[in-house]
Amino acid sequence: MPTLVLPDPSLVVLIGAAGSGKSTLATRLFAPDEIVSSDALRAVVSGDEADQTASRIAFRILHRTVAKRLAAGRFTVVDATNVVASVRRPLIARARAAGLPVTAIVF
């Protein structure tokens, strides 16, 4: 298996459909405290990671958390579908504002 070398600190954005293996890869390659997961945040908000009615609040928390981590210069992995460019743009803008590089891993 090839080695994945990423700048530290930086932002890694996982991109892919639900069930494509994003979370599995994230847990294999990254420390738990480096991953900001939309599913995990939906579970915190509603008790069910699949509860799409909790997405709005979960993503507000996700973006706030990512912004704080990047501003602090912390390596951050966003585990969400991120399949639409308009959803990725704010994440990229936050990394650029913090002066950090962005890597996308597409599934």
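The values are calculated or read from the model by the stated rules, or taken from the named source; none is laboratory data. Note that the structure is a prediction, hence the values are computed from the model and not measured. Neighbour counts are summed over all protein chains in view; Cβ atoms, including those assigned to glycine, are modelled from backbone coordinates with ideal geometry. Surface areas here come from the heavy atoms of the whole protein model, side chains and all, with no ligands, DNA or RNA. Shrake-Rupley method; radii C 1.70, N 1.55, O 1.52, S 1.80 Å.
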Restricting the search to the stretch 75-107, which residues are over 13 Å from the mean Cα position of the chain (by Cα), touching a residue at least 24 places away in the same chain (Cβ under 8 Å) and part of a loop (DSSP other than H, G, I, E, B)? Ala98, Leu100, Pro101, Phe107
Filter the stretch 10-24 for residues that are outside any loop (DSSP other than H, G, I, E, B) and open to solvent by 10 Å² or more (accessible area, probe 1.4 Å); which is nearest to Gly99 (Cα to Cα)? Ile15
Quick check on the stretch 25-50: of everything there that is among the charged types (D, E, K, R) and outside any helix (DSSP H, G or I), which residue is farthest from the chain's Cα centre (by Cα)? Asp48
Going through Thr53, Thr65 one at a time, which residue ends up being of a type in the set (Ser, Thr, Tyr), open to solvent by 60 Å² or more (accessible area, probe 1.4 Å) and in a helix (DSSP H, G or I)? Thr53
Test result for Val45, open to solvent by 40 Å² or more (accessible area, probe 1.4 Å) and either in contact with a Gly (Cβ under 8 Å, 6 or more places away or on another chain) or within 20 Å of Phe30 (Cα to Cα) (or both): no
